[in-house]
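A short worksheet on the structure shown next.
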Amino acid sequence: MPDRIYNVLFICSGNRARSIIAEAVLNRRGKGKFRAFSAGSHPRGEVHPMVLQLLEKNGLPTAGLRSKSWDEFAQPGAPAMDFILTVCDQAAGEVCPVWPGTPMTAHWGVADPDAATGAEVERKIWQAYRELETRILLFTSLRLEELDRMSLKKRLDEIGKTRSST
């Protein structure tokens, strides 16, 4: 019997940078164990071009990445989520849709690269990438089948406070 694949939804307000990065990184790093998606509470309608460049530079596929509303994942027929992770403080404070099933939730706040200007934007995008990649590597190393719900929630919250080492 094949191992279970866990569905993970990353949410930020604009679904333009942070949640897109997390989707791409988890789909690569968690291949075969996780399937990642991303969405926004107020999607901007486009992925930040520098995010696409960064992902391509790091060998991550960008085909199919798009800015979309979290409403897509609350509709009948949408994939059932096992985990919903907010990556921006604004989305974490919003009233979310009612998600089918009982997904585990956690907040993994990352600074918004879109809030930066000029040359800072690229640096902030790289910083967000490194921070999310660090957290995702910790997440994918968890032995989910060995953790009860309370222990898993504690680990997800701890991961959300982890910063990258670079």
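The values are calculated or read from the model by the stated rules, or taken from the named source; none is laboratory data. These figures come from a predicted structure and were not determined experimentally. FYI the Cβ positions are ideal-geometry reconstructions off the backbone, even for glycines, and counts take in every protein chain you see. SASA here: full protein model, heavy atoms, side chains in, ligands and nucleic acids out. Shrake-Rupley method; radii C 1.70, N 1.55, O 1.52, S 1.80 Å.
Can you name the number of the only condition in (1) outside any loop (DSSP other than H, G, I, E, B); (2) touching an Asp or Glu at 6+ places or on another chain (Cβ under 7 Å); (3) under 20 Å from Q127 (Cα atoms) that A22 fails?
Exception for A22: condition (2).
Of L144, L137, L152, which residue is aliphatic (A, V, I, L, M) and open to solvent by 70 Å² or more (accessible area, probe 1.4 Å)?
On inspection, the qualifying residue turns out to be L137.
I'd like to know if segment 73-83 contains one or more residues that are assigned to a helix (DSSP H, G or I), open to solvent by 50 Å² or more (accessible area, probe 1.4 Å) and touching a residue at least 40 places away in the same chain (Cβ under 8 Å).
Within segment 73-83, not a single residue is assigned to a helix (DSSP H, G or I), open to solvent by 50 Å² or more (accessible area, probe 1.4 Å) and touching a residue at least 40 places away in the same chain (Cβ under 8 Å).
Would you tally the residues in segment 1-15 being crowded, with 22+ Cβ neighbours inside 10 Å and either over 21 Å from G160 (Cα atoms) or touching a Lys or Arg at 6+ places or on another chain (Cβ under 8 Å) (or both)?
Qualifying residue count, segment 1-15: 5.
For segment 154-164, state whether one or more residues are within 29 Å of A78 (Cα to Cα), at pLDDT below 95 and of a type in the set (S, T, Y).
No, the conditions are met nowhere in segment 154-164.
Take the conditions open to solvent by 10 Å² or more (accessible area, probe 1.4 Å), farther than 18 Å from R18 by Cβ, at pLDDT 95 or above and not aromatic (F, W, Y) and apply them to R35. Does it pass?
For R35, the condition - open to solvent by 10 Å² or more (accessible area, probe 1.4 Å), farther than 18 Å from R18 by Cβ, at pLDDT 95 or above and not aromatic (F, W, Y) - is met.
In segment 109-129, how many are loosely packed, with under 14 Cβ neighbours inside 10 Å and of a type outside the set (A, V, I, L, M, F, W, C)?
Residues meeting the conditions: 4.
Filter segment 155-166 down to residues that are open to solvent by 100 Å² or more (accessible area, probe 1.4 Å) and over 10 Å from W108 (Cβ atoms), then give me how many there are.
Going through segment 155-166 one residue at a time, the tally reaches 3.
Return the residues of segment 132-166 that are of a type in the set (K, R), touching a residue at least 12 places away in the same chain (Cβ under 8 Å) and in contact with a Phe, Trp or Tyr (Cβ under 9 Å, 6 or more places away or on another chain); say none if nothing qualifies.
Those that are of a type in the set (K, R), touching a residue at least 12 places away in the same chain (Cβ under 8 Å) and in contact with a Phe, Trp or Tyr (Cβ under 9 Å, 6 or more places away or on another chain): R135, R155.
Conditions: (1) of a type in the set (A, V, I, L, M, F, W, C); (2) buried (at least 19 other Cβ atoms within 10 Å of the Cβ); (3) within 19 Å of R44 (Cα to Cα). A106 meets all but one. Number of the miss?
(3)
Anything in segment 27-58 that is touching a residue at least 12 places away in the same chain (Cβ under 8 Å), out of contact with any Phe, Trp or Tyr (no Cβ under 7 Å at 6 or more places or on another chain) and in a loop (DSSP other than H, G, I, E, B)? List them, or say none.
G30, G32, H42, P43, R44, G45, E46, V47, H48, N58
Any chance you could count how many residues in segment 59-72 are assigned to a helix (DSSP H, G or I) and more than 15 Å from the chain's Cα centre (by Cα)?
2
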